[in-house]
Structures are given as C-alpha cells and as structure tokens.
Amino acid sequence: MKTRLNRIAKDTNFFLNDFLNKQNNSKLIPAMKYGLFPGGKKIRSKILIDIGSLLSIDYKTLITIGSAVECIHAYTLIHDDLPCMDDDKIRRGKPSTHIKFGESTAILAGNSLQTIACEILASPNLKISEKIKVNLIKKLSECSGHLGVAGGQYLDLSYEKQQVSKIKIIEMEIKKTGKLFSFCCAAPAIIKKMNSQQVKFFENIGSNIGLLFQIADDLIDFKGDSKVAGKKTRKDQKKGKATLISLLGYENAVKYCDKIIFDINKSLKKYGSNSKNIKETLVYILNRNK
C-alpha cells in the first residue's frame, strides 16, 4: 500500500513540478509550490487510480487528472488555514502558507492553484477528447465551488458552537470533503462515457469515501499526535466544531466508519478481486497516523 502511494506521490509531484516550471514566471509561483509540495499522502489520487484501474483507464491519464485534484486540494488547505477560516498555523509539518508568505499572497496562491487545475485538465498533456475534458472541468468545478468544498467549508464555520443534527453534519462533511473524492471516483466513469446513472453510482461511492476520510481526520484530531499528523490536533473540541465524534462519541464514530467501509465494499462486490486495491485504501484511510 505505502509503495503504491509513494509511487503515485512521486509521479504526481513530478508532473506538477514540470507543469509549474513551464508556466510564465510570476511572484506567486513560490507560494503556490510551497502550498502544493510535498503534497501529503495523495490519497485522493490513489482513490482515482483505484477506480480508474477498475475501468481500465491509462495510468498517465489518471496521474494528470490526479494532479488537477491535488491543486484543488492544496488551494482549499491554504484557504482553510487562514485566520478568517480555521486559523491554523501548521500544515503538513511546516508553517502554513499564510504564515510563510502573508495572508494576501496565500489567498492569491490558492486562487491560482484553483485555476491551474482547470488548465491541467484542458492541456494537451491529457490525451482524451475535448468533450470529455469539458465534462471533467465542469464536474471538478461543481465539486470545488458552492455546491461542494466551498459550500461545505461555509457550513463547517457556521455550525461552530451550534447544536447540529446528524443529517446536517453528514451533509456538511460530504460537501467539505466528500465532493472532491466523488470527482475522483466519477472521473474514470466520465472518461469511459458511462451514462448518468453509472456516473452517479461512482459519485456516491466517492462521497462515502470522503465522509470516511473526514471522520477519520476528526478521529486524528481527537486523539492523534500533532507531530505525526503534521498539524495541530485537539482543536475541534476547543472551537466547538460540529463533528460525528462530538455527536456520537469516539467509539460510535469508529463503528460508523466500519459501516461505511462495509457498504462501499458491498457496492463494489461485482468487481471481485479487482477491487482489492481500493479496499486496502479504505482500511488505510481509517487507520492512517495511528
């Protein structure tokens, strides 16, 4: 599992570094690279490749699309860390982008990474039809904006110190985290020109994977070590964040994760042993940083 993750991380970082180095130079590139590299574990790209392998999508194509996803992910982290958002000073074991470069530069670097993601999907490096590229850009935009990550972050902030129902917490976490995973699972189906019902099937799997990831992240915050996690932990409770842990308790949240994994594996049962890699990734998501 770690060997595959390391390979994906290496190939993705190589693509991104090469793509950024070919851009016309600007003062924002250093801040963009700082927020993007080393780039974490690449779990979103791993999920994309796991689903892509089920549908026999070319590895290089998936790395290119995964690179766009990592740009979106990095942009959201840069913005999430800002004082007006979650006010986090440490990210991936180093000072957050706004601590290193200042708030205004961090905002502009995040904005630029968001647009770079669309450039990657539209570039000649991606060897698919123009129509499919448009569909991928549309889907990624939906998952990143007010219906996805941005909308989820808004709900996350507005729910602080509030009594929030389980349904609303799940809706918020699926938007905040699940939507980007849903793109990773839907993208291979879009490339394969599957019908809307089939694309929705994979989107739903991605949403559940994202929910699993977010609950696991909240579990890390609740009990994890800051040095291992690469960011400050035990902050959700202090801020009064609405999480399934705060609602259900730690042990019940773990059980909920187990149920999510069971349901995802059940959905992928028809793929038999071909779904082995994604099953390993789900277990890794829940147990990472332990």
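No value in this document is a laboratory result; all are computed from the given coordinates. As the structure is a computational prediction, the values presented were derived from the model and not from experiment. All Cβ positions, even for glycine, are placed from backbone atoms using ideal geometry, and neighbour counts span all protein chains on display.
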- Label-point separation, Met1 to Glu119 (7 Å along Cα→Cβ), nm: 3.6 nm
- Item | Distant alpha-carbon pairs in region 165-263 (separation over 23 angstrom), percent | 32 percent
- Query: Can you work out the base-10 log of I(q)/I(0) for region 136-194 at q = 0.13, 0.14, 0.26 1/Å, using the Debye formula on its C-alpha atoms alone?
  - Reply: -0.37, -0.42, -0.96
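Could you tell me the ratio Rg/Rh of region 1-61? Both radii from Cα atoms, Rh via Kirkwood.
Working: Rg = 13.4 Å, Rh = 12.8 Å.
With Rh from the inverse mean 1/r over Cα pairs, Rg/Rh is 1.05.
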- Message: What percentages make up the Cα-Cα pair-distance distribution of the chain when the bins are 10 Å wide from 0?
- Response: 6, 29, 38, 22, 4, 0
- Query: Can you give the extra length, in nm with one decimal, that the chain gains between Lys161 and Asp18 once fully stretched, where that is 0.36 nm per residue apart less the Cα-Cα distance?
  - Reply: 47.1 nm
- Query: Peptides 130-142, 268-280: what's the order by average Cβ count within 10 Å, highest mean first?
  - Reply: 130-142, 268-280
- Arrange Ile72, Ile49 by Cβ neighbour counts within 10 Å, fewest through most, would you? Ile72, Ile49
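Sum up the charges of everything whose Cβ sits under 13 Å from the Cβ of Gly145, counting Lys and Arg as +1 and Asp and Glu as -1, but leave Gly145 out. Provide the component values of the computation, followed by the final result.
Numbers: positive: Lys138, Lys139, Lys175, Lys176, Lys179; negative: Glu142.
Overall, the nearby charge balance is +4.
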- Query: Mind listing the Cα extents of region 41-139 along all three principal axes, in Å, largest one first?
  - Reply: 42, 24, 18
- Task: Rounded to the nearest 500, what is the 222 nm mean residue ellipticity of the chain from helices alone, with -39500 (n - 2.57) per DSSP H run of 4+ residues and division by all residues?
- Result: -22000 deg cm²/dmol
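Using DSSP H assignments, which helices in the chain have an axial alpha-carbon span of 15 Å or above and a mean Kyte-Doolittle hydropathy of 1.6 or higher?
Numbers: long enough: 2-21 (28 Å, -0.65); 43-54 (17 Å, 0.98); 59-80 (31 Å, 0.58); 103-122 (29 Å, 0.86); 130-144 (21 Å, -0.29); 179-191 (18 Å, 1.73); 196-223 (40 Å, 0.17); 250-267 (26 Å, -0.43); 276-287 (17 Å, 0.04).
Helices passing the filter in the chain: 179-191.
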- Message: Below 8 Å between Cα atoms, with a sequence gap of 6+, how large is the relative contact order for the chain in percent?
- Response: 18 percent
- Which trypsin sites (Lys or Arg not before Pro) does region 21-82 hold that lie in a coil by DSSP with at most 12 other beta carbons within 10 Å? Lys22, Lys27
